[in-house]
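The values are calculated or read from the model by the stated rules, or taken from the named source; none is laboratory data. Remember, predicted model here, so these are calculated numbers, not experimental data. Quick reminder, even Gly has a Cβ in these numbers, built from the backbone with ideal geometry, and neighbours come from all protein chains shown.
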Amino acid sequence: MSQQKKNSQKTNQQQGSGWFYLHIVIRVIQSLLLTLVCLVLLLGALGAGIGAGYFAYLVQDTEIPTKEELEGDLEDVDETSSLAYADGSNIANIDTELHRNSVESDQISDTLKQAVIATEDKDFYQHDGVVPKAVLRALVSEVTGIGSSGGSTLTQQIVKQQILSDNVTFERKANEILLAQQVENNFSKDEILTIYLNVSPFGRNNQGENIAGAQEAAQGIFGVDANELNLPQAAFIAGLPQSPIAYSPYTNSGELQDDLESGLERKDYVLFSMYRNHDISREEYEDARDYDLTSDFLEREDPAESNDDQSFLYDTVMNESLKIIARQLANEDDVSSDEFSQEETYQTYIQEAQQRLVNGGYTVNTTIDQDIYDAMQDTAENYGYLLDNNNQVEVGNVYMDNETGRILGFVGGRDYEENQFNHAFNSTRQAGSAIKPALVYGPAIDQGLIGTESRVSDYPADWQQGEDEGDPIVNATNEGTETFQTIRESLEYSSNIASYHIYQELLDDKNDASFVYDNYLQKMNYPETDAWTYESASSGVPEVTTLEQTNGFQTLANGGVSQEGYLIESITDSSGEALYEHEENPERVYSRAAASIMNDLMRDVLDSGYTTDFISDVSNLNYNLANADWVGKTGTTDEYRDSWLAVSTPRATLSSWSGREDNEGTDRNASDRTARYMAQLANSIYQADPDSLGVDEEFELDDDVNEEEVSEFTGTQVDDDDTVEVDGSTMRVPNDTTTSYWAQGTPPGPSFRFGIGGSEDDYEDYWQNGPDDNDDDDD
């Protein structure tokens, strides 16, 4: 055999062998693919079986509703919510402020229906209430956190909105699917679409009112009926339900939004969806997109008469409730505190909270005692005139339980019909000398800087910083009494010079300008502001609300423990389930010893009568009430623009701010007028509920208070050999002693510079002439 033939045979053998192996590989791959397909089918069937079983498990307790029951649920647009006093009695039903006008299908334009379907559910006429692939996509997204979890049909949206909650759980989703199919089985597509357009929220109208339903939206935004909408108007309204407040053209006062871009962009998206869905031609789409819709928006109109039940109480409870619900909604969306504090985000959640609160069938349970609250309103109405000089003076009061922070009553103003501004919760005014216990004396005593009989300069002094640098620090009636006052005296007379020296000594000692705010004020819910670091802070320049001022005195009266003042005890739904319950968060601010010393000092402020006649005024009305263990502090600001008085018993704190609405000054008798009014207010509260004041209880010095024997002359330790050098001469410290209360530490030893503040000349004068009586007072 030739070599060429042998080579040919060998090649054929190799080729045959190659095809053999290739055939084997193909058969193996085919077998593997067949096995894989079978496995997938098996797993799919198994998964479908498990899924069906799990679905049946989730809906096993769900009763299939009848058509009549479904109709009632779907058309039940809201439940009345209410506000309640502490004892459960009704304050008022919440004004829904939601305007809705349901109409029949033929009263809604086909264009609007097409716009809604194209945007929200393009397969609306093909599905039976649920789109399986959308459900699977949402399930995968929920499990993995990847992709969008949207895709609910219009039918599912109605079920979720009208029957179920918004909670994202598998059980809720399973019930949503079941009920959506029941809706489809019992109602025509046009009936379902009409229900959706009658119940959905559409933002606000040109009166700032919340609106629902396509008819109310058409009339309140464009001034036409729902069957008269042109294409761009219909597209705009169809886009609103996705985010009614964000897309609404109006603010809550009925003014046009400064920025309408988001709503108009949403309108363009709806138009494009209609074009993509072949509902409109390209020419119609472009013409409607370029249409100047802003010219169709209605101008603002004044709203109709408000709820007759509205009052300071109604408004305040509503506002506090909205803040609580808005914060809960933001928490559910994992919104940070910083993001929530941004105005746009905050307002978005406030509006969502309003919709929930108004229509959710909620009961807001407050801390307000009806008898006490009514008594306080009667006092403001009948005795508010006591605050007036030649002009009407406004007032804000808060009455708080010390142990819990529960607000038992308040006065928002003299006459709600004339002035709805709440002077107890919302008005911020300079704190005046009423801030001194919380800001100056309390921290200084708590830090062991001073005792009750330590001496502080009330010699003339000047401001060292800021716009007033070089100007004298003045008291209410003088520029200094030219002596060293005891700490007790300086608080009784409310010396601005003395409080200035104490505050500066405290900040210098800590080498931290924000020390007092960081360690004391913020724990008592005073506002955060740089003004606390100013020299003038000790005279009460920072602005606070009456509520914030009350919390400071509550803290001292409560043994140094702050309980944030609160008005809402709980919020429950129509079944009685608590959606919110107040949780106490007590925080120690001052030591028990320091707080008890401060109460001892503030008792003398009232008993001395130097800055207020409150005790004598109460005694003229009710001797038993006057014998309660009252402590407190007054405060006025420049030109007597603001008059403060806060008083406490061991049980409760009652505060008052008064001043002119235009922030003009009054006169030096403002403090006297405040005392007379507050005496009437305290007596009214006592008549309504004497137990709330605890008139038989007493403030006592804490066991940890150090009672130190000190020199009356210097407030320092005493020694038989105490002498000092004064202007080249040796002088002996007078022998008379007194007891000084210290929260910690001990009094310093005797020295020439024995006190806080004052110059070398001031000390020489004091050593030569001794203390003089204080003839003038501050506030």
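Worth pointing out:
- Residue, farthest from residue 536 (Cα to Cα), within segment 506-519, restricted to residues that are surrounded by fewer than 16 Cβ atoms within 10 Å (Cβ to Cβ) and touching a Leu at 6+ places or on another chain (Cβ under 9 Å): 509
- When residue 474 is tested against (1) modelled with pLDDT of 95 or more; (2) out of contact with any strand residue (DSSP E or B) (no Cβ under 9 Å at 6 or more places or on another chain), only condition (1) is not met.
- For segment 97-113, a residue qualifies if it is assigned to a helix (DSSP H, G or I) and over 42 Å from the mean Cα position of the chain (by Cα), and the qualifying residues are 105, 106, 107, 110, 111.
- Entirely in segment 362-442, the strands (runs of 3 or more DSSP E) that have 1 or more residues that are assigned by TED's automatic domain parsing to the domain that holds residue 506 and in contact with a Gly (Cβ under 8 Å, 6 or more places away or on another chain): 394-401, 407-411
- Screening segment 271-305 for residues that are more than 41 Å from the chain's Cα centre (by Cα) and in a loop (DSSP other than H, G, I, E, B) and picking the one that is surrounded by the most Cβ atoms within 10 Å (Cβ to Cβ) gives 280.
- Filter result (assigned to a loop (DSSP other than H, G, I, E, B), at pLDDT 85 or above and over 23 Å from residue 591 (Cβ atoms)) within segment 691-733: 695, 696, 712, 713, 714, 718
- Residue 583 being in a loop (DSSP other than H, G, I, E, B) and either more than 30 Å from residue 457 (Cβ to Cβ) or touching a Pro at 6+ places or on another chain (Cβ under 9 Å) (or both): yes
- Test: residue in segment 633-647 that is buried (at least 21 other Cβ atoms within 10 Å of the Cβ) and basic (Lys, Arg): yes
- If only residues of segment 118-167 that are β-branched (Val, Ile, Thr) and not in a loop (DSSP other than H, G, I, E, B) are counted, the one that is modelled with the highest pLDDT is 119.
- Residue check: residue 488 meets all listed conditions (1) assigned to a loop (DSSP other than H, G, I, E, B); (2) buried (at least 18 other Cβ atoms within 10 Å of the Cβ) but one, namely (1).
- Residue match in segment 746-754 (condition: touching a residue at least 60 places away in the same chain (Cβ under 8 Å), over 30 Å from residue 463 (Cβ atoms) and touching a Ser or Thr at 6+ places or on another chain (Cβ under 7 Å)): no
- Check on residue 576, surrounded by fewer than 18 Cβ atoms within 10 Å (Cβ to Cβ) and on the phi > 0 side of the Ramachandran plot: yes
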